[in-house]
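Working notes, structure below.
Please treat every number below as a calculation from the coordinates, not as lab data. As the structure is a prediction and not an experimental result, all values here were calculated from the model. All Cβ positions, even for glycine, are placed from backbone atoms using ideal geometry, and neighbour counts span all protein chains on display.
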């Protein structure tokens, strides 16, 4: 489990650095929003499933958390 | 060492208990609505929002993300040790978690000081109105989280500690909620608009 937490934090660091790099690439606006919000959604899901241990919980909670982050991210992507 | 067990598969017993998860979802929905509102307002004045956003320092935001994520990692590690009744290690990682939170608050205070010094207050622009409200409410949550963790720290270090696993998990869940909110705020405020 210690290794799992360590692996999770390493992935979270990589995703955070990737966000900073991507934002400086000057990519197409629509793709930039999609990629940055997508990376955020991935980090959100990692924290919820690994650190908050929702992976051990009833499927209802997994569905609720994933639905929440996808709704917010997709709404923002569609608006912008 | 004895390991405490809870049936997490029961829908009413997510890690931390159902009450803290109701609180977490209420908070997430509130911040979610505000983030969607920020996106909608930015559509009316994209140039103005972009110009204001460029006045923020993304390095501060990125470092604060690292502080919160690292602090979350320490919290998860502390919980793991608490579950195996290794109180000394749980206590050590809890202290590191609190330290991560204090680093976040310190850097945020420096950022706020710089913004105020340059006259970038709530009245400066609609973007800064959102910036102060969203980050301000988030900071309040981090401060509440730190107070909860300090109470937890003293609770588990008492000779005859009455801290239950569910209390520890609920505090952990609240702390991670601060991470979750920040993970959505960071790209919206510092990178995208």
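Taking every C-alpha pair closer than 8 Å and separated by at least 6 residues, the mean separation divided by the residue count of chain B gives a relative contact order of 35 percent. Between helix A:29-46 and chain A there is an angle of about 10 degrees, using the helix long axis and the longest principal axis of the Cα atoms. Fully extending the segment from residue B:55 to residue B:12 would add 10.9 nm, taking 0.36 nm per residue of separation and subtracting the current Cα-Cα distance.
Taking the centroid of alpha carbons for each part, the range B:98-138 and the range B:79-95 are 33 Å apart. Computed as a quarter of the hull surface, the mean projected area of the alpha carbon convex hull for the protein assembly as shown stands at 13.9 nm².
Each Cα pair under 8 Å and six or more residues apart adds its sequence gap; the mean of these over the residue count of the range B:99-193 is a relative contact order of 25 percent. Sorted into 10 angstrom bins from 0, the C-alpha pair distances of the range B:44-188 split as 11, 39, 26, 15, 8, 1 percent.
The angle between the Cα long axis of helix B:18-44 and the main principal axis of chain B comes to about 10°, on a 0 to 90 degree scale. Per-residue mean of foreign Cβ neighbours for B:64-75 is 4 (Cβ atoms of other chains, 10 Å radius). Over the range A:2-79, Cα pairs under 8 Å with separation of 6+ residues give a relative contact order of 33 percent. Derived from the Cα gyration tensor, the three semi-axes of the equivalent ellipsoid of chain A are 25, 18, 5 Å, largest first. Seen against the Cα atoms of chain A and their longest principal axis, helix A:59-79 is set at about 10 degrees. Note on residue B:165 and residue A:13: with the Förster distance fixed at 22 Å, the Cβ-Cβ geometry gives a FRET efficiency of about 0.15. Only helices enter the 222 nm calculation for chain B: every DSSP H run of n ≥ 4 contributes -39,500 (n - 2.57), and dividing by all residues gives -26500 deg cm²/dmol, rounded to 500. Here the range A:1-20 and the range B:1-73 have alpha carbon centers that stand 17 Å from each other.
The mean count of C-beta atoms from other chains within 10 Å of the C-beta of residues in B:31-42, rounded to a whole number, is 3.
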